[in-house]
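Q: First the structure, which I've put down as structure tokens, then a few questions once you've had a look.
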Amino acid sequence: MDLFHTLHITKHKRKNKMSYQELYFTKKGLAKLDDDIREMELRLRGLREARKNGDEQQHENASHEHSLVEINGINWRLGEACNLHGQAILVGEPTNTDLIAIGTKVKVRIANGPAVEWKIAGYGESDPDNGIIAYNTPLAAYLIGHRRGDIISGDIGGQKTSIQIMEISI
């Protein structure tokens, strides 16, 4: 069974460049990306307006050079963010706990260690210190699509290990 058939997926993608990869975002993750894009656009507009209103002497000083470097940096980051947005697929909240999917919480035991809980998040949302891992991290990739009680074997951090899935929740 394909993992993403278990999710409610709304596609938000544009026909893009030669190397197109679908990236799965939660509503929260996509909203943050949208906010970041708006913030960069506003900053860029402000910098360009300030340069346009400057006089000829500005071309001779360091602040002019600094503003050009800043504009180029924001342009590059904005382009990257827009590419990500063009590849974004919005993933709805999971509706059941039969399978591990984006949006579920999972309690696992790695090897014979203590039980740990992780929330599987969308692209770019990893925060391991707070128990959140993105679906495209190695550990999440092993977990997605499995059920409670499954034992998975694989290489994590270059070491062969087993992972027991103890609980799945929303």
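Q: Quick check: net charge around Glu167, other residues with Cβ under 9 Å of its Cβ, Lys/Arg +1 and Asp/Glu -1?
A: Counting the neighbours of Glu167, the net charge comes to +2.
Q: Count charges around Asp35 for me, please; just the other residues with Cβ under 13 Å from its Cβ, Lys/Arg as +1, Asp/Glu as -1.
A: Combined, the nearby Lys, Arg, Asp and Glu give +1.
Q: If each residue of separation counts as 0.36 nm, what is the full-extension length gain between Thr97 and Leu47 once their alpha-carbon separation is subtracted?
A: Roughly 13.2 nm would be gained on extension.
Q: A further question follows. In the range 86-170, which chymotrypsin sites (Phe, Trp or Tyr not before Pro) fall in coil by DSSP and have 12 or fewer other Cβ atoms within 10 Å?
A: In loop regions of the range 86-170 (DSSP not H, G, I, E or B), there are no sparsely surrounded chymotrypsin sites (Phe, Trp or Tyr not before Pro).
Q: Follow-up. Just subtract the alpha-carbon distance of Thr161 and Cys82 from 0.36 nm times their residue separation and send over the number in nm, one decimal.
A: 24.6 nm
Q: Along the charge dipole of the range 106-162, pointing to its positive end and built from +1/-1 on Cβ of Lys, Arg, Asp and Glu, which listed residue (Gly113, Gly158, Ala140) has its Cα farthest out?
A: Final value for the positive-end residue is Gly113.
Q: Still on this structure, please answer the following. For the range 21-170, place one equal point scatterer on every Cα, skip the solvent, and apply the Debye formula. What is log10 of I(q)/I(0) at q = 0.10, 0.12, 0.13, 0.14 Å⁻¹?
A: Reported log10 I(q)/I(0), two decimals: -0.51, -0.64, -0.69, -0.75.
Q: Using the Cβ atoms and a cut-off under 14 Å, what net charge is assigned to the surroundings of Gly149, where Lys and Arg are +1 and Asp and Glu are -1?
A: +1
Each value in this text was obtained by applying a stated rule to the coordinates, not by laboratory testing. Owing to the predicted nature of the structure, the values given are computational and were not obtained by experimental measurement. Cβ sites come from the backbone with ideal geometry, for glycine too, and all protein chains shown count toward neighbours.
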